[in-house]
Structure formats: structure tokens, C-alpha cells
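Read through the structure below, which is laid out as C-alpha cells, and then see the notes.
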């Protein structure tokens, strides 16, 4: 047995060869491409997950923990929902668009979900809902399917998509701050590099 030399014992950085930093939001044509792909494959869960991710602007850890009761009123899908964010412990309200409501309703019917069930249950017995890692892998498949590099996009890309579209149209940072649930305007300013 030979002793290890200093160079053989070096730690490899976790980010070696990876793109780090903020991931870009999706553009409108990319949103439509993903939706078209999921509709053509009849992936009801994935379509509901994608639409809700765009509409809710939630971090992945909050999105995967949404329960059916959080997005429904009786037997219909709510037009607005409120979720308490894990990171800030603050409630954030969001609109659920017609296309998202339709896809969520289709998914709930297909999966036979009830009020207190997680909206996106895990297929793994140990976990009651999709993990953030599973969500990231699903997103990677969507990005690959529309011909983009999955290394350039992440789950936070979906969180940033709708606020970026609104900001480009209005230049209203305060509105974006409220949409993202940021407690400080400075956080939103850093987010958009203004």
C-alpha cells in the first residue's frame, strides 16, 4: 500500500464544471413549448405542476408541499390561493389562471385526490409528496424535451418566470416584491440586478 500524496488527497469542489449563479427565467415561447409538449404526451400531473409553478411563483420546497385543500373551494379550483412560505414563514397569495385551474382539476380527477392529500404525491413510499429533487429531475426532462440545456435552468427559473415577464412590462419593482413575497425591496432589486 502506497501512502497518499498531497495532490491525490485534494477535495474536488462541488461546483467544478457546473454553471453557478442565478438561472434565467423561461421566455414566453419556452413556456408554450413546455405546455405543448406536456399536453401532447398527456402528462396531467406534470402539466398541473408546471402551470402551478409558473402561476404560484413559489420556491420548489413550498410548491411540492401544496395540498389539494390549498387550491380548491369545495369541488372547484380556486382563482386565488395563499401559502405560507417555508423560508420566510410569511403568507404569499397568488392567482391561479384558467389554464392552470383546468390542468389541476384534470390531475385531481385522474389521481383521485381528496382535500388533505398532497397535490403532488410521491411515488416513493417513504415520502408523502414529491421531493424537491424529484421536482428538479422532472423539470430537467421538460427542458430537454424542448431542446434547451438543462444545466442552464432550474426550479428557481420557474419561480422567476412570471415576475420577470411582469417586471419587463411594467418596471414596477414593488409589484414584483409582493408577487415573490420578499420582505425587503432590496432583495427584489438584487434579484433583478437593478
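Checking 59, 101, 67 one by one, the residue that is under 19 Å from residue 131 (Cβ atoms) and touching a strand residue (DSSP E or B) at 6+ places or on another chain (Cβ under 9 Å) is 67 and no other. For segment 133-143, check the following and say yes or no: at least one residue is outside any helix (DSSP H, G or I) and at pLDDT 95 or above. No, the conditions are met nowhere in segment 133-143. Test residue 165 against the criterion of being in a helix (DSSP H, G or I) and surrounded by 14 or more Cβ atoms within 10 Å (Cβ to Cβ), and give yes or no. Spelling it out, residue 165 is indeed in a helix (DSSP H, G or I) and surrounded by 14 or more Cβ atoms within 10 Å (Cβ to Cβ).
Suppose we filter 57, 114 for residues that are modelled with pLDDT under 95, closer than 22 Å to residue 154 by Cβ and in contact with a helix residue (DSSP H, G or I) (Cβ under 9 Å, 6 or more places away or on another chain); which single one remains? 57 is the lone residue from the list that is modelled with pLDDT under 95, closer than 22 Å to residue 154 by Cβ and in contact with a helix residue (DSSP H, G or I) (Cβ under 9 Å, 6 or more places away or on another chain).
Take the residues of segment 168-183 that are out of contact with any helix residue (DSSP H, G or I) (no Cβ under 8 Å at 6 or more places or on another chain) and assigned to a loop (DSSP other than H, G, I, E, B): which is modelled with the lowest pLDDT? Once the filter is applied, the top-ranked residue is 181. What do you reckon, is residue 94 more than 18 Å from residue 33 (Cα to Cα) and touching a strand residue (DSSP E or B) at 6+ places or on another chain (Cβ under 9 Å)? Considered against the rule, which asks whether it is more than 18 Å from residue 33 (Cα to Cα) and touching a strand residue (DSSP E or B) at 6+ places or on another chain (Cβ under 9 Å), residue 94 comes out as yes. State whether the residues of segment 42-49 include one that is farther than 15 Å from residue 159 by Cβ and outside any helix (DSSP H, G or I). Yes, segment 42-49 has at least one match. There is no residue in segment 80-97 that is over 25 Å from residue 136 (Cβ atoms) and part of a helix (DSSP H, G or I). Residue-level analysis places residue 81 outside the set of residues that are within 16 Å of residue 161 (Cβ to Cβ) and touching a helix residue (DSSP H, G or I) at 6+ places or on another chain (Cβ under 6 Å). Out of 66, 104, 96, which single residue is crowded, with 18+ Cβ neighbours inside 10 Å and either out of contact with any helix residue (DSSP H, G or I) (no Cβ under 6 Å at 6 or more places or on another chain) or over 22 Å from residue 44 (Cβ atoms) (or both)? Testing whether each residue is crowded, with 18+ Cβ neighbours inside 10 Å and either out of contact with any helix residue (DSSP H, G or I) (no Cβ under 6 Å at 6 or more places or on another chain) or over 22 Å from residue 44 (Cβ atoms) (or both) leaves just 66. Applying the criterion of being touching a residue at least 40 places away in the same chain (Cβ under 8 Å) and touching a helix residue (DSSP H, G or I) at 6+ places or on another chain (Cβ under 9 Å) to the residues of segment 69-78, the residue that is nearest to residue 159 (Cα to Cα) is 71. Of the candidates 102, 110, the single residue that is in contact (Cβ under 8 Å) with a residue 60 or more places away in the chain, over 16 Å from the mean Cα position of the chain (by Cα) and either at positive phi or part of a helix (DSSP H, G or I) (or both) is 110.
The values are calculated or read from the model by the stated rules, or taken from the named source; none is laboratory data. Here the structure is a predicted model, which means the values were calculated and not measured. Every residue, glycine among them, receives a Cβ derived from its backbone with ideal geometry; neighbour counts consider all protein chains shown.
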